[in-house]
1. Just for region 1-59: of the residues that are aliphatic (A, V, I, L, M) and part of a loop (DSSP other than H, G, I, E, B), which one is modelled with the lowest pLDDT?
2. Of these, E116, E146, which one is of a type in the set (D, E) and within 18 Å of the chain's Cα centre (by Cα)?
3. Within region 387-437, can you find the residues that are over 21 Å from K327 (Cβ atoms) and in contact with a Gly (Cβ under 8 Å, 6 or more places away or on another chain)?
4. Tell me which of these L397 doesn't satisfy, since it passes every other one: (1) touching a residue at least 60 places away in the same chain (Cβ under 8 Å); (2) more than 30 Å from L83 (Cβ to Cβ).
5. For region 439-460, give me each residue that is modelled with pLDDT of 90 or more and part of a loop (DSSP other than H, G, I, E, B).
6. Anything in region 95-113 that is touching a residue at least 24 places away in the same chain (Cβ under 8 Å) and in a helix (DSSP H, G or I)? List them, or say none.
7. Which count do you get for residues in region 12-29 that are touching a Gly at 6+ places or on another chain (Cβ under 9 Å) and surrounded by fewer than 21 Cβ atoms within 10 Å (Cβ to Cβ)?
8. Does K398 satisfy the condition of being touching a Ser or Thr at 6+ places or on another chain (Cβ under 7 Å), modelled with pLDDT of 95 or more and charged (D, E, K, R)?
Amino acid sequence: MRRIIAIVIAKIVIALAKLMGHGGSNIGGELALRICPDILAWFGSQVKEKIILVTGTNGKTSTNNMIYSIIRQSGHTCVCNKLGANLDSGLISAFINSSNLTGRIDADYASLEVDEASLAKVMAQLKPNIIVFTNLFRDQLDRYSEIDAILDKIKASLEKAQDAVLLINSDEPSLVSLGCSVAHTKYYYGIETQIDMGSMDLAKDNVFCKLCGERLDYAHYFYGQLGHYTCTKCHFNRPIPDFKAFLQDFEHKRELTVIGSNGFKVVRAFNTNETYSIYNTLAAISVGGLLGNTAEIVERGLENYRPQVGRMERFYIGKPITLNLAKNPVGFNESMKIVRQDMRSKVVAIGVNDLPQDGRDVSWLWDTNFEILLEIDDTIVNYTVFGRRRYDMALRLKYAGIDESKLTISETNEDAIDNVVNTRSDAAYILLNYSLLFETQKILKGRNEDVKTDSVPSVS
């Protein structure tokens, strides 16, 4: 009876939240969890085939939603927290949205993005069959602490799921060291082609061998600490991927080919400026292969995938405006690399909040290479900063060396968008962290002059 009461109340609250213009992706789950603490385990027990968890710092939402699209293309039903609400309450809300009033679901699979710091809490309730690891970067230091602390928490959580299959990014030495320390069945995915992702040695701060402490020797690196590496002291090195990505450049486009075992081969076209999303796509393709899908099903699933809110989301309000979520140094660096490739005159707006979901500690602004923007400063007509920490952001840009006469400090999201729209330029980019995203997207959507949006997978 408690479960039914919890589900009915949660459904009502979610419906009301949506009517008021909110996503309702957490609040319903929070209420249900208070009324019925074991509700997540109960939902998980109803999944007929497999539960897939996607975790890591960046790329969870895009990767998870691509996996969902592949599963749906294969003809199966699937529960998914598509908007990226990745705490236990967000997972519960996803199940509630898929259930009837008595809490029954008809799901072959569940593909769920999970916050890396909440993995242990979630796995105390859910028994995953596959866990996908994207990457580990420094993020929300007040909440996550350093990467080693997160690795310890993840390793402890894996003890509760000995039968889970791990899918690990072979180019990520921290995660590979995690794989070495557990006895689970493991598969790896990685990029074989040594392409230039334009990272210029940015935010590569976790490059010491977790086994012996020696600095890793890189034959090539892509971004952050991701690359081809070996330890010359203890011979820890990048494992040979089970799912290998090869890239070939053509005029104005890039082609991704992923090769697995038993003739599994998926080919996917990329725009040349989408290199940051290759890992997300590669991880999703690898899951598609592990689930036994044909290459054709995987390719169609990717074709049907649509990015979620704020993932390189495009609007037109007198000019093309691109909105992208960035939550940490690597995320902002990768987003600014996209801005750097656009040589049109532009406004760059940066929004930073410090609410609990963002992280109270914004010292990461000084680990972020905003100096990237100086390379194209002559094309940037205005820098707009907004959010609760707008003055911190303004100070950071001042120390980066921007011309202060180009800087506008906006009190509200609405003011920021007004400035972006009214400043004469050919294009605009809005980069912002999580708690600013939905309100900003709502304002842009309300003013959008073009019903066609052209989103691409994000680093987030």
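The values are calculated or read from the model by the stated rules, or taken from the named source; none is laboratory data. Everything quoted here is computed from the prediction, not taken from an experiment. Cβ placement follows ideal geometry from the backbone for every residue including glycine, while neighbour counts extend to all protein chains displayed.
1. So the first thing to find is which residues in region 1-59 are aliphatic (A, V, I, L, M), and the list is 1, 4-10, 12-17, 19-20, 27, 31-33, 35, 39-41, 47, 51-54.
Next, from what is left, pick out any that are part of a loop (DSSP other than H, G, I, E, B): 1, 20, 47.
Working: M1: 76, M20: 70, V47: 97.
Selected residue: M20.
2. On the way: E146 fails: within 18 Å of the chain's Cα centre (by Cα).
None of the others qualify; the one that does is E116.
3. Selection gives V421 alone.
4. Here L397 meets the rest and fails (1).
5. Scanning region 439-460 gives a single hit, N448.
6. Correct list: F95, I96, N97.
7. Adding up the residues that qualify gives 6.
8. no
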